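The values are calculated or read from the model by the stated rules, or taken from the named source; none is laboratory data. On a predicted model such as this, the values are computed, not experimentally measured, just so you know. Note: ideal-geometry Cβ built from the backbone for every residue, glycine included; neighbour counts use all protein chains shown. Heads up: the accessible areas ignore ligands, DNA and RNA and are worked out on the full protein's heavy atoms, side chains in. Shrake-Rupley method; radii C 1.70, N 1.55, O 1.52, S 1.80 Å.
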Amino acid sequence: MTHAPNVPKMNTLFRLQFEKAQGCFVLLYPEGMVKLNDSAAEILQQIDGLTSVDEIQHQLQQKFPQAGDIRDDIEEFLATAQAKRWISYV
Amino acid sequence: MSKDAHVGPPLWLLAELTYECPLHCAYCSNPTDLGKREDELTTEAWLDVLTQARELGSVQLGFSGGEPLLRKDLETLVEHGRQSGFYTNLITSGIGLTEKRIKQLKAAGLDHIQISFQAADPELNDAIAGRGKAFDQKLKMAEIVKSEGYPMVLNFVISRQNIEQIPQILELSCQLNADYVELATAQYYGWAFDNRDHLLPTQQQLRHAEATVNGFRDQQDNAGPQFIFVTPDYYEDRPKACMNGWASTFLTITPDGSALPCHSAKILPLDFPNVTEKTIADIWHKDFSFNHFRGESWMPQPCQSCDEKEKDFGGCRCQAFMLTGDMNRTDPVCSKSDDHHLITEAIEQAKNPTAPLKHRKRVADIALMKL
Ligand code: SF4
Ligand code: SF4
């Protein structure tokens, strides 16, 4: 497993925002919208182009101590997010 | 019976600010009756429309037209839209854009500018657009849009006029560093319907174009522009799920304030409400015209007993109306429709156009030219 200082950053094409009418976070991009589930939204909210994956994991673990080991979930989601070009690495 | 039980918000709000446009594309889907400038909504009325729609749950806001840049209050509307939480899209021909305006719009919070191109070189582009120097202007503006940090989306309307240029169009899109590129074959509404015989590519041309785009995409290696190719449904067996279902997702407001479930619905023999007379919530949830084709109870045969009706909702009401004269019929594109021969005949007829190509113009302009 890589614990390199890999720092994800949002693709500026996408805007993360809470939508009251949808009751969830969404990603907005030119003429489109994706609804996010809670864990995806939690992870994306931690991404600021400065915080590494390790730190994100640490922060989320503190926020949700009952969640157990979330490393795999985070990595899996980040891989999807990268494939969809929502994020890239600094 | 209320059909309203599961109606979600109008996620997409299309604000057609004006039908005025400096270009004269024959594929334009604006109505052939362009209305009067004096009847356009005021700034206050538009601001109110945006506020109301946002409260109802609209999230994507498109400013289009015509050419929306012709409205001097565009920046004000963008600012209000962005501040209320919309993702704001400007859909423009690029004519009338300046570096200063691109920056002002950015400061107002505009999220995205989509520039339309008619072709990949000045000669053909300007011939289709009916205006000299249009291509150079678009090119310049596209570069500034990119350098100002907007997502860059290019839109090429594909027709028989430019379909042979697909390789050059792909190349130009890469040169301009576009993020998304829509290669959308013209939809036959408004002016484009009258010009269909000149615009509809042959099936062979389409197959070839699509294969070229697919081939290009395969060697792209997940870098460069994302190309989206949209074929005309005339060559399909099933109609498109028009507007994702009548009044399910899209709300169009025309320059004079008419509220429509799709930008071409004004041609239908239905009375559509106006935002100066009714609230957006009333229009969306209660108006007769919006409820009319919601759900399935309106559907004729063969749709009524078809197991695909949840996929395409019986197709496009405007297309059914334009081709059969009856908006309640199955979209003739469907091979199960009794009217499907109309499509095959249209394809045949397009091989030998009889009427001349009609560039989009105001009747008044045409009268002036004849003087
Ligand atoms: S299609 Fe052409 S003529 Fe019609 S609004 Fe767009 S740029 Fe103007
Ligand atoms: S019959 Fe109607 S519902 Fe069935 S596929 Fe054709 S258009 Fe769609």
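Details
- Residue in region B:168-178 that is within 14 Å of chain A (Cβ to nearest Cβ) and open to solvent by 10 Å² or more (accessible area, probe 1.4 Å) present: yes
- Spans of helices (runs of 4 or more DSSP H) in region B:185-228 with at least 2 residues of a type outside the set (A, V, I, L, M, F, W, C) and open to solvent by 70 Å² or more (accessible area, probe 1.4 Å): B:203-218
- Within this structure, residue B:294 fails the test of being touching a helix residue (DSSP H, G or I) at 6+ places or on another chain (Cβ under 8 Å), more than 16 Å from ligand 1 (Cβ to nearest atom) and not in a helix (DSSP H, G or I).
Conditions (1) surrounded by 12 or more Cβ atoms within 10 Å (Cβ to Cβ); (2) of a type outside the set (A, V, I, L, M); (3) more than 16 Å from ligand 2 (Cβ to nearest atom); (4) at pLDDT 80 or above, marked per residue:
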residue	(1), (2), (3), (4)
B:328	yes, yes, no, yes
B:331	yes, yes, no, yes
B:339	yes, yes, no, yes
B:348	no, yes, yes, yes
B:355	no, no, yes, yes
B:363	no, no, yes, no
B:367	no, no, yes, no
B:371	no, no, yes, no
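- Members of region B:201-229 that are of a type in the set (A, V, I, L, M, F, W, C) and at pLDDT 90 or above: B:206, B:209, B:211, B:213, B:216, B:227, B:228, B:229
- Residues of region B:21-64 classified as modelled with pLDDT under 90 and more than 9 Å from ligand 1 (Cβ to nearest atom), total: 8
- No other residue among B:73, B:126 is touching a Ser or Thr at 6+ places or on another chain (Cβ under 6 Å) and either open to solvent by 10 Å² or more (accessible area, probe 1.4 Å) or not polar (S, T, N, Q) (or both) apart from B:73.
- Residue list for region B:36-54, restricted to those being within 14 Å of chain A (Cβ to nearest Cβ), in contact (Cβ under 8 Å) with a residue 60 or more places away in the chain and either of a type outside the set (Gly, Ala, Ser) or open to solvent by 40 Å² or more (accessible area, probe 1.4 Å) (or both): B:52
- Candidates B:321, B:313, filtered to the one that is open to solvent by 10 Å² or more (accessible area, probe 1.4 Å) and within 19 Å of the chain's Cα centre (by Cα): B:321
Matching residues to (1) charged (D, E, K, R); (2) in a loop (DSSP other than H, G, I, E, B); (3) within 14 Å of chain A (Cβ to nearest Cβ):
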position	(1), (2), (3)
B:13	no, no, yes
B:27	no, yes, no
B:30	no, yes, no
B:34	no, yes, no
B:63	no, no, yes
B:82	yes, no, yes
B:88	no, no, yes
B:107	no, no, no
